[in-house]
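Presented below is the structure to which this report refers.
The values are calculated or read from the model by the stated rules, or taken from the named source; none is laboratory data. Quick caveat: nothing in here was measured; it's all calculated off a predicted structure. Counting neighbours? That spans all protein chains shown, and the Cβs are built from the backbone with ideal geometry, glycine included. Accessible surface is based on the protein model in full, side chains and every heavy atom, while ligands, DNA and RNA are left aside. Shrake-Rupley method; radii C 1.70, N 1.55, O 1.52, S 1.80 Å.
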Amino acid sequence: MRRLSTSLIAILSVITIGAQENVPKLVVCITVDQLRGDYIDYFQNTFGEKGFKRIFNQGVVYNNIRFEFSNIDQASAFAALYTGSNPNLNGITGNKTYDFDRRQEISILNDPAYLGNYTKDNYSPKNLMVSTIGDELKIASKGRSDIYAIAPDAEAAIISAGHAANGAFWLDNLNGKWATTTFYKGIPWYVDRYNNGPESLSARLDQMVWTPALPLDRYNAFPYVMDEIPFKYTFNERTIDCFPKLKTSPFINKEINRLALQFIEYAAFGTRSCPDMLSITYYGGNFLDLMEKEYTPEIQDLYYQLDKNLEELFDAIDKKIGLNQTLIVFTGSGYYSSIEEYADGWMLNRGDFHPKRCEALLNMYLMALYGQKSWVKGYYNGQIYLNRKQIEEDKLDLEEIQKKAAEFVAEFSGVQQVTTEYALRTGNWNEANENLYNGTHLLNRGDLVIELQPGWKINNDNPKEKPKLIRHNAVLTPLVFMGNGLKPQHIYREVKATEVAPTITYILRIRPPNACQNLPLPELTKK
């Protein structure tokens with residue numbers, strides 16, 4: 001009997017040790033904003049063996065993740081990845097929202113209740129209405145886990161950090177310092193040192209010149225590049241757009257790494273009884289001055305240098321914590337920003353949709369039906385907002401007005417479909433409207449949600465703003481889990497962006513975020 005008890009204790013001990021080894025000491029979530037999986041394939045001849053190739057050779061690789069809503073941008077994509085839910089639940093419908101009373105666009109994270117540190121902007125995650133991966137880790141660890149996020153922009157940093165994080169840092173557009181909000185308590189000493197010492201970005205800016213890192217003939221992925229003129233870009237702090245431009249160059253990824261390596265060195269990641277989490281956002285889109293151009297050597301150079309940044313990051317993690325005790329989660333944001341211009345006579349632009357004209361004509365139509373009053377509040381981000389206050393004062397049927405307005409707007413050239421807020425709120429919609437439902441939230445949804453046909457342009461009649469061409473393309477976005485003892489494999493099926501969060505929380509052995517409705521990916525749960 002004693003031998004049997006001893007044997008059982010030994011077996012249980014081995015099982016317990018094995019179980020502990022499967023939980024990572026550190027989770028590093030790497031999201032490349034505007035990442036294109038096709039570019040990773042096209043540019044492979046310039047990559048080394050320890051960056052992109054290491055991820056795809058040593059990880060569990062999913063070919064593509066799909067976002068289940070329209071008008072994806074940075075904020076909405078990050079919210080879906082880190083909460084496991086779509087905008088209809090998490091509240092983050094886009095980077096910006098519109099204040100019709102003040103007639104101005106503001107960040108979705110704008111919150112005057114909190115001050116900025118190293119920035120004049122006021123932000124908090126208040127409008128993120130659900131929990132994130134980091135929040136659930138804080139709850140499970142009773143606050144013992146350290147959670148930080150670093151990103152070029154506030155939206156990516158704050159959303160990937162969540163409500164309960166230790167801190168979220170982004171590069172301020174005006175002063176080039178690593179900024180945060182007083183919503184998070186305290187700034188690590190090495191961030192202060194970075195901002196104020198000789199290592200600060202301002203102190204090094206005059207030495208930062210972007211020229212090709214390789215001979216131009218190595219950037220031969222596109223047969224559409226006709227010239228081989230070496231590019232050269234400098235950054236002057238005295239110009240208004242200095243730091244926004246820098247944030248779309250390879251230098252932003254180098255700055256992200258410089259700060260991330262400080263956290264890896266000094267934040268004591270992996271030394272606590274509970275796992276820690278670091279979210280890192282890199283940039284993978286076009287240079288700000290080249291938004292109207294594609295197939296450039298600049299984008300190839302950016303990916304070449306990003307490959308080196310990944311190699312540097314992985315080496316630092318391996319030396320300090322060990323990749324076998326770290327879970328790396330790598331993916332992108334599922335969209336890509338560019339400005340398209342076509343030569344005259346190509347007939348690719350099907351026409352211009354003018355929101356202001358649509359507003360005015362709709363208001364005239366409703367005045368003819370309901371009286372000479374202002375019935376249309378405005379148009380923003382593909383949605384028309386009616387004057388709810390006036391409708392309520394006149395004791396009119398909101399559903400009826402929305403229906404009549406939708407029927408009128410549906411007759412405009414270029415309009416694919418119009419869905420009413422009432423139909424989305426009451427569930428009276430079909431599969432064709434699912435993207436519109438998933439991508440809007442009941443608290444800030446317009447009365448009419450409009451989808452335009454591909455090839456049409458949104459022309460806001462603003463001389464300072466170029467018309468935006470409508471595309472409905474999917475962007476190839478890989479998802480990779482690497483480290484923590486995972487065996488390499490390639491899974492050639494599409495997965496949902498909202499399946500990322502529950503998979504990470506499953507590996508961490510904690511609850512998924514509270515709005516998450518998907519199960520973890522089965523390939524990561526099989527024993």
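Within segment 185-219, the residues that satisfy the criterion of being touching a residue at least 24 places away in the same chain (Cβ under 8 Å) and either more than 21 Å from residue 170 (Cα to Cα) or among the basic types (Lys, Arg) (or both) are 209, 210, 212, 213, 214, 216, 218, 219. Scanning segment 148-163 for residues that are under 22 Å from residue 283 (Cβ atoms) and either open to solvent by 30 Å² or more (accessible area, probe 1.4 Å) or part of a strand (DSSP E or B) (or both) yields a total of 5.
Residues in segment 361-378: is at least one touching an Asp or Glu at 6+ places or on another chain (Cβ under 8 Å) and within 26 Å of residue 71 (Cα to Cα)? Within segment 361-378 (the criterion being touching an Asp or Glu at 6+ places or on another chain (Cβ under 8 Å) and within 26 Å of residue 71 (Cα to Cα)), the answer is yes, since at least one residue qualifies. Given the criteria touching a residue at least 40 places away in the same chain (Cβ under 8 Å) and either assigned to a loop (DSSP other than H, G, I, E, B) or not small (Gly, Ala, Ser) (or both), does residue 236 qualify? Taking the combined requirement at face value, the residue does not satisfy it.
Among the residues making up segment 131-142, those that are open to solvent by less than 40 Å² (accessible area, probe 1.4 Å) and more than 19 Å from the chain's Cα centre (by Cα) are 136, 137, 138, 141. Pairing residues of segment 134-145 that are closer than 9 Å to residue 165 by Cβ with residues that are open to solvent by 40 Å² or more (accessible area, probe 1.4 Å), at Cβ distances under 6 Å and at least 6 apart in sequence or on separate chains, gives 135/163; 135/164; 138/164. Kindly provide the set of residues from segment 485-506 that are touching a Pro at 6+ places or on another chain (Cβ under 8 Å) and either over 17 Å from residue 62 (Cα atoms) or open to solvent by less than 20 Å² (accessible area, probe 1.4 Å) (or both), ordered by number. If the condition is that a residue be touching a Pro at 6+ places or on another chain (Cβ under 8 Å) and either over 17 Å from residue 62 (Cα atoms) or open to solvent by less than 20 Å² (accessible area, probe 1.4 Å) (or both), then 501, 502, 503, 505, 506 are the ones that fit.
Restricting 243, 287, 222 to residues that are touching a residue at least 24 places away in the same chain (Cβ under 8 Å) and over 22 Å from the mean Cα position of the chain (by Cα) narrows the list to 222. Total residues in segment 488-505 satisfying the condition of being part of a helix (DSSP H, G or I) and either over 22 Å from the mean Cα position of the chain (by Cα) or acidic (Asp, Glu) (or both): the figure is 1.
Checking the conditions here, which among 447, 461 is open to solvent by less than 30 Å² (accessible area, probe 1.4 Å) and either more than 24 Å from residue 77 (Cα to Cα) or in contact with a strand residue (DSSP E or B) (Cβ under 7 Å, 6 or more places away or on another chain) (or both)? Matching residue, one of 447, 461: 447.
Each residue in segment 180-191 was checked for being assigned to a helix (DSSP H, G or I) and open to solvent by 50 Å² or more (accessible area, probe 1.4 Å), and 1 of them qualify.
Are any of the residues in segment 385-398 closer than 25 Å to residue 67 by Cβ and not charged (D, E, K, R)? Checked segment 385-398: at least one residue is closer than 25 Å to residue 67 by Cβ and not charged (D, E, K, R). Within 22 Å of the chain's Cα centre (by Cα) and without any contact (Cβ under 8 Å) to a residue 40 or more places away in the chain: does that describe residue 520? Yes.
The residue pairs whose first member lies in segment 473-490 and is over 11 Å from residue 324 (Cα atoms), whose second member is in a loop (DSSP other than H, G, I, E, B) and β-branched (Val, Ile, Thr), and whose beta carbons are closer than 8 Å, counting only pairs six or more residues apart or on different chains, do not exist in this structure.
Of 424, 443, all but one fail to be touching a residue at least 40 places away in the same chain (Cβ under 8 Å), within 29 Å of residue 128 (Cβ to Cβ) and hydrophobic (A, V, I, L, M, F, W, C); the exception is 443. Within segment 226-258, the residues that satisfy the criterion of being hydrophobic (A, V, I, L, M, F, W, C) and crowded, with 17+ Cβ neighbours inside 10 Å are 235, 242, 243, 246, 251, 252, 256. Filtering 396, 443 for residues that are over 30 Å from residue 54 (Cα atoms), part of a loop (DSSP other than H, G, I, E, B) and out of contact with any helix residue (DSSP H, G or I) (no Cβ under 8 Å at 6 or more places or on another chain) leaves a single hit, 443. Scanning segment 290-333 for residues that are among the charged types (D, E, K, R) and more than 30 Å from residue 211 (Cβ to Cβ) turns up 318, 319, 320. Mind checking whether some residue in segment 507-520 is in a helix (DSSP H, G or I), touching a helix residue (DSSP H, G or I) at 6+ places or on another chain (Cβ under 9 Å) and more than 24 Å from residue 96 (Cα to Cα)? Scanning segment 507-520 turns up at least one residue that is in a helix (DSSP H, G or I), touching a helix residue (DSSP H, G or I) at 6+ places or on another chain (Cβ under 9 Å) and more than 24 Å from residue 96 (Cα to Cα).
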